[in-house]
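Each remark here refers to the structure printed beneath this line.
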């Protein structure tokens, strides 16, 4: 059945060091993410962002994560590097997400009672919805949420995030069948410091799960 398996895309987020970008690319990541939210322990300055993005080869997407950023902040980043996608983790409206003119992901902090279908309808032009666990404040908390809250008809628009690691990502793929999975703390040895072995193990676990679907 392997020849018929679907391929779940993989995003490694919160990269801060050149060697971590190299490890993500070598492991087969489809996308790499950089946090442009100054309050985050994984925040990268513009100069460092340029250095990191320059290491990314063609056909690996580069994603910039913003939280309630001003137009000027986003324009400053766009003037420095060419990102493939923007990822909005704050309270941005659809108009604010559309304004830069770059494909975007809109993060949703999942909780019981949230109508994801209605929520998705507010962001019709988003490339995908990135689903994360509910935490106080912004950004991921490294926690999973109840995957049964995801309507099956939205699965192909979902980038699944929140507490994923090499040990649970296969179960997540089997249950949700998301378009992509996103990992940050699950492949770290410390905040903002990725572990190359954990990145490889995570990517291998995703590929193994795909072979079973």
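Under the condition of being in contact with a helix residue (DSSP H, G or I) (Cβ under 6 Å, 6 or more places away or on another chain), within 18 Å of residue 169 (Cβ to Cβ), at pLDDT 85 or above and part of a loop (DSSP other than H, G, I, E, B), the residues counted in the range 100-153 number 1.
Considering 212, 154, the condition of being under 13 Å from residue 8 (Cβ atoms) and out of contact with any strand residue (DSSP E or B) (no Cβ under 6 Å at 6 or more places or on another chain) is satisfied by 212 alone.
Once the range 169-195 is narrowed to residues that are within 19 Å of residue 41 (Cα to Cα) and surrounded by fewer than 18 Cβ atoms within 10 Å (Cβ to Cβ), the residue that is modelled with the lowest pLDDT is 191.
In the range 51-83, the qualifying residues are those that are under 16 Å from residue 130 (Cα atoms) and touching a strand residue (DSSP E or B) at 6+ places or on another chain (Cβ under 7 Å), and the one that is surrounded by the fewest Cβ atoms within 10 Å (Cβ to Cβ) is 61.
The values are calculated or read from the model by the stated rules, or taken from the named source; none is laboratory data. This structure is a prediction, so every number in the text was calculated from the model and none was measured. All Cβ positions, glycine included, derive from the backbone under ideal geometry; neighbour counts span all protein chains shown.
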